[in-house]
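Notes for the one structure printed next.
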Amino acid sequence: MANVSMTVNGKTVSGEVKGNTLLVDFLRQNLHLTGTHVGCDTSQCGACNVSLNGDVVKSCTMFAAEADGADLTTIEGMANEDGSLGVIQAAFQEYHGLQCGFCTPGMVMAAQDLLKKNPKPTEAEVRHHLEGNICRCTGYHNIVKAIMAASGQDVGAIAAE
Amino acid sequence: MPKDHGIGASQKRREDVRFLTGAGQYTDDINVHGQAYVYFLRSDVAHGKINSIDTAAASAMPGVVRIFTGADFEGVGGLPCGWQVTDKHGEAMKEPAHPVLAQGKVRHVGDPIAAVVADSLEQARNAAEAIDVDIEELPAVVDMKAALNAGATKVHDDLSDNLCYDWQFGTDTETVDAAFAAAAHVTKLELRNNRLVANPMEPRVALGEYNRAKDESTLYTTSQNPHVIRLLMGAFVLGIPEHKLRVVAPDVGGGFGTKIFHYAEEAFCTFASRKINRAVKWTSSRSEAFMSDAHGRDHVSTIELALDADNNFTALRTDTYANMGAYLSTFASCTPTWLHGTLMAGNYKTPAVQVNVKAVFTNTVPVDAYRGAGRPEATFQLERVIDKAARELGVDPIKLRRQNFITSFPYATPVAVEYDTGDYNATMDKMEELMDIPGFAARRAASEAKGKLRGLGINCFIEACGIAPSNLVGQLGARAGLYDAATVRVNATGSISVMVGAHSHGQGHETVFPQVVAEMLGIDESMIDIVHGDSSKIPFGMGTYGSRSLAVCGSAMVRATEKIINKAKKIAAHLMEASEADIELKDGQFSVAGTDKSVAWGDVTLAAYVPHNYPLEDIEPGLEETAFYDPANFTYPAGAYACEVEVDPDTGKVTIEKFVSADDFGNVVNPMIVEGQVHGGIAQGIGQALLENCAYDENGQLLSASYMDYAMPRASDLPHMANYTVDHSCQTPCTHNPLGVKGCGEAGAIGSPPTVVNAVLDALNSAGHKVAHIDMPVSPSRVWEAMNS
Ligand code: FES
Ligand code: FES
């Protein structure tokens, strides 16, 4: 067992973990942050995406101990300070970018990562960026729309082209 | 101005807020104090005799609470099948035992042999590795036709062979034979509907909890139908009466059919928690899901279409082998028969239709309903053979379809169903308009200029949703009713809780259902909440599958709300000293016709609960009503789809360049949600057509057991928004339910696979490659082979 401490959604947290405790299990079980999901066991689905020191990572694919000292944001930390939905979250609701909601936290984390690095992505770039995220419900159409709308682009005009 | 309220409004979903902030509560998010964890030791061979299981060493390992094997389940019921099919000789289907844990034999890779319950999952997993299982591997049967050969290895030793049933349905053989003999042209096609894995993104989870003080069990489970699970598990498997068993399906991360069924893990966790007096939790890994979730499709069919000299369809005959896997899953027997045979007429007035189905046991994971269930299999055969006939005859595939459309309703098909309403030319017109069919030649030329082949695929479909009525399905072998139920509980201040039997696992019921009640009462949606998913809170309803929620449960909710309105009018009449017949309800106000007297919704609801000025001699206090609704018929959504693909002649790679769906769902309550359902269905259909395949080798080893080997559609596999339109503006309202709705959940998955395959074949044939058919998934290697053979 080792003690790890990190900043999660702006709060300092710590806990005892085994060397093989996955980051996602630390978040879900130790910290009760159950918004981060597990959809696969081969690092393919992105349901477990979190932001670590500013980069999106698959929390099923790293050990909690590797995140010692890191600054993490999970889906629970994505809303505005007053609790209202952030820009990306609001766009997902507005454009119906989610159905069952299981892939959604990972999609939102992937989207914020993209928009930080590429503030006005093309549709092809959005689709390409979502290569590591699987959604079984939406067919991605409205997820792509939501992300482009969150970047300030006029998706109505793009769809009509 | 689009509506922002009530029926027809694209209201934003209220459930989104919790899902977008990580506040959803899925089954794996639930933990019970002191819970233990179970790990299932599963068979790694497809077929074998269990000689011995030695758990002694494993039991002594740290944290192990108890290890269960099949022996612990002797005397406990097996997992039941919910539908008994009668074969063409009048005999009941073969129904082998399906034990919770394997007894004597394992019959597919993934069959659970033992279950280790321990303080932690890691301890359970470690102990499972220490179980000494002696299994004598037996030859496996994987191919359906080989499984029916004389002398084939039997999946179940106590059955005479591997044939579950041999079913025949529709027009008699003599009539069909005569029609084929008289035909001017016959088109024949052999095809496979590929085996799929539903893959909801949330893996299955079961958490069994036992309250010894009250002798009550609670099962939290990832289910589409908690009451059905309570009924099946309580009555058939564990013998727990309903009042001692609660089943909760909280937020569920997608279902697509695969979470309808009652699974061994649910029964195990409930059973084990009673034995060890401690909660027991199981969370499936994705790899485990591939070998324990029921699979879908897997039909091999030969279809023949007879046409007269004027290209009228005169007869249709199909022979299908349907894979059941190793055991009968809950609705496995129904899918290839009553959900497939009854749809074989499609949108066409073919006078003679005969369907033959042989259901076969093999050493593979059980196969059951997956989005569309039987209807995609029917549509794929029919629409592929029509397309092939059009090519053989040199006629326009749109014209050939139009010429044979059913155009007057109601229409009784030769396969026992009566379509209440529809307008297939209208959806075809809409599709042609949105697809810009005249522009295809130019688009093809542009593709060719890039060195690509381009093809246009057309498809029509009809489906039957909201399976019912109960007395009919009972005659057909259903072992349950197929009504649904809703309770509308109006509170004293006028707010409303609606308890529904339907279950939402992505469909947005919490948003849509209040739109209906709000419209009926003229109050705001924010005053209405939906309660679903907990058998202790909701009336006995059958859950959500087969695109039935709004058509069946929504109708129950309408009926219950009508009862509320009737009673509220009586109360309002009393309050205003008027005649009940003169009371009108509009915008949440009760008024007396022809006067300016009115009382508000809240005044009436308060009077119902504080009945000081109240007609107590005539009516009871309170305002709460329940209705059960059993539909008179199925609903029949239908549509016309079109797709354009580009094929890279060098690699065989297919890309979707343009896609249009024109659906008739009858009335639409929330267009945004309906379109979302179609998007999802089409993505799954394109996945089936181009990417997805659940493959076994000849020894019954599952080759596609993770996302490394099973190709799920990703964002870049699907058409861009400028080239993609889903339309539902053609609306012929269902004639027999109060909302006039038909169901939209499965359409995309039914309509799109033949559309895509037809488009690929058009691309190849138009470029001079004589290719009659390519099996799904139409992968680059298959296309390349077809072009180069
Ligand atoms: S759970 Fe991490 S990628 Fe699937
Ligand atoms: S919304 Fe269900 S998996 Fe994406």
Quiz item: Do you know which of the residues in the stretch A:22-50 that are within 14 Å of ligand 1 (Cβ to nearest atom) and polar (S, T, N, Q) is farthest from the other protein chains (Cβ to nearest Cβ)?
Solution: A:Asn49
Self-check item: Among the residues listed as A:Pro121, A:Pro105, the single one being within 16 Å of ligand 1 (Cβ to nearest atom), open to solvent by less than 40 Å² (accessible area, probe 1.4 Å) and not charged (D, E, K, R)
Solution: A:Pro105
Quiz prompt | Scan of the stretch B:243-291 for residues that are part of a loop (DSSP other than H, G, I, E, B) and more than 24 Å from A:Phe102 (Cβ to Cβ), ordered by number | solution = B:Asn277, B:Arg278
Practice problem: Considering only residues that are in contact with a strand residue (DSSP E or B) (Cβ under 9 Å, 6 or more places away or on another chain) and more than 9 Å from chain B (Cβ to nearest Cβ), look in the stretch A:71-90 and name the one that is surrounded by the fewest Cβ atoms within 10 Å (Cβ to Cβ). | Solution: A:Asp71
Quiz item: Here are some conditions: (1) open to solvent by 20 Å² or more (accessible area, probe 1.4 Å); (2) within 30 Å of B:Arg371 (Cβ to Cβ). B:Ala581 meets all but one. Which one does it not meet?
Solution: (2)
Quiz prompt | Count of residues meeting criterion [open to solvent by less than 10 Å² (accessible area, probe 1.4 Å) and either outside any helix (DSSP H, G or I) or among the polar types (S, T, N, Q) (or both)] in the stretch B:458-476 | solution = 10
Quiz item: Which of the residues belonging to the stretch B:139-198 are assigned to a loop (DSSP other than H, G, I, E, B), open to solvent by 60 Å² or more (accessible area, probe 1.4 Å) and touching an Asp or Glu at 6+ places or on another chain (Cβ under 9 Å)?
Solution: B:Asp143, B:Ala150, B:Lys154, B:Ala182, B:Ala184
Quiz item: What pairs come up if the first residue lies in the stretch B:224-242 and is in contact (Cβ under 8 Å) with a residue 24 or more places away in the chain and assigned by TED's automatic domain parsing to the domain that holds B:Gly254, the second is of a type in the set (Lys, Arg) and part of a loop (DSSP other than H, G, I, E, B), and their beta carbons are under 8 Å apart, counting only those six or more places apart or on different chains?
Solution: B:Gln224/B:Lys259
Practice problem: Take the residues in the stretch B:715-729 that are open to solvent by less than 20 Å² (accessible area, probe 1.4 Å) and in contact (Cβ under 8 Å) with a residue 40 or more places away in the chain, then tell me which one is farthest from the other protein chains (Cβ to nearest Cβ). | Solution: B:Pro719
Quiz item: Which of the residues that make up the stretch A:100-115 are under 11 Å from A:Leu130 (Cα atoms) and within 10 Å of ligand 2 (Cβ to nearest atom)?
Solution: A:Gly106, A:Met107
Quiz item: (1) away from ligand 1 (no atom under 16 Å from the Cβ); (2) under 25 Å from B:Asn199 (Cβ atoms): which one isn't true of A:Ser59, the others all being true?
Solution: (1)
Quiz item: Tell me, which helices (runs of 4 or more DSSP H) wholly within the stretch A:91-161 include 2 or more residues that are more than 7 Å from every other protein chain (Cβ to nearest Cβ), small (Gly, Ala, Ser) and under 13 Å from the mean Cα position of the chain (by Cα)?
Solution: A:104-117
Quiz item: What are the pairs, 6+ residues apart or on separate chains, where a residue within the stretch B:337-350 that is among the aromatic types (Phe, Trp, Tyr) has its Cβ under 6 Å from a residue that is buried (at least 24 other Cβ atoms within 10 Å of the Cβ) and modelled with pLDDT of 95 or more?
Solution: B:Tyr348/B:Phe313
Quiz item: Any residue at all in the stretch B:736-758 that is open to solvent by 30 Å² or more (accessible area, probe 1.4 Å) and touching a residue at least 40 places away in the same chain (Cβ under 8 Å)?
Solution: yes
Exercise. Could you grab me the full set of residues in the stretch B:9-20 that are in a loop (DSSP other than H, G, I, E, B), of a type outside the set (Lys, Arg) and open to solvent by 30 Å² or more (accessible area, probe 1.4 Å)?
Key: B:Ser10, B:Gln11
Exercise. Read through the list (1) closer than 25 Å to B:Lys12 by Cα; (2) in contact with a Ser or Thr (Cβ under 8 Å, 6 or more places away or on another chain); (3) in a helix (DSSP H, G or I), then give the number of the only condition that B:Gly751 fails.
Key: (1)
Exercise. Could you identify the single residue in B:Ala711, B:Ala772 that is surrounded by fewer than 22 Cβ atoms within 10 Å (Cβ to Cβ), under 27 Å from the mean Cα position of the chain (by Cα), of a type in the set (A, V, I, L, M, F, W, C) and not in a helix (DSSP H, G or I)?
Key: B:Ala711
Quiz item: Restricting attention to the stretch A:26-70, which residues are under 15 Å from A:Met6 (Cβ atoms), within 16 Å of ligand 2 (Cβ to nearest atom) and surrounded by fewer than 24 Cβ atoms within 10 Å (Cβ to Cβ)?
Solution: none
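To keep it simple, each residue is scored yes or no on (1) outside the structural domain of B:Leu343 (by TED's automatic domain parsing); (2) under 26 Å from the mean Cα position of the chain (by Cα).
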{"position": "B:Pro615", "(1), (2)": "yes, no"}
{"position": "B:Leu623", "(1), (2)": "yes, no"}
{"position": "B:Gly676", "(1), (2)": "no, yes"}
{"position": "B:Gln688", "(1), (2)": "no, yes"}
{"position": "B:Cys694", "(1), (2)": "no, yes"}
{"position": "B:Gln701", "(1), (2)": "no, no"}
{"position": "B:Ser706", "(1), (2)": "no, yes"}
Quiz item: Taking the stretch B:388-406 as the search range and keeping residues that are without any contact (Cβ under 8 Å) to a residue 24 or more places away in the chain and either of a type in the set (Ser, Thr, Tyr) or more than 15 Å from B:Gly346 (Cβ to Cβ) (or both), which one is most open to solvent (accessible area, probe 1.4 Å)?
Solution: B:Lys399
Quiz item: So is B:Met61 modelled with pLDDT under 95 and either within 14 Å of chain A (Cβ to nearest Cβ) or over 25 Å from the mean Cα position of the chain (by Cα) (or both) or not?
Solution: no
Quiz item: Do you know which of the residues in the stretch B:539-566 that are in contact with a strand residue (DSSP E or B) (Cβ under 7 Å, 6 or more places away or on another chain) and among the charged types (D, E, K, R) is least open to solvent (accessible area, probe 1.4 Å)?
Solution: B:Arg548
Quiz item: Any chance the stretch B:417-438 includes a residue that's at pLDDT below 95, out of contact with any Cys (no Cβ under 6 Å at 6 or more places or on another chain) and either hydrophobic (A, V, I, L, M, F, W, C) or open to solvent by less than 30 Å² (accessible area, probe 1.4 Å) (or both)?
Solution: yes
Quiz prompt | Qualifying positions in the stretch B:498-522 - over 29 Å from A:Thr138 (Cβ atoms) and open to solvent by 10 Å² or more (accessible area, probe 1.4 Å) | solution = B:Met520, B:Gly522
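The values are calculated or read from the model by the stated rules, or taken from the named source; none is laboratory data. Please read these numbers as outputs of a predicted model, since none were measured by experiment. Please note: Cβ atoms are built from the backbone with ideal geometry, for glycine as well, and neighbour counts cover all protein chains shown. Heavy atoms of the whole protein, side chains included, go into the accessibility calculation; ligands, DNA and RNA do not. Shrake-Rupley method; radii C 1.70, N 1.55, O 1.52, S 1.80 Å.
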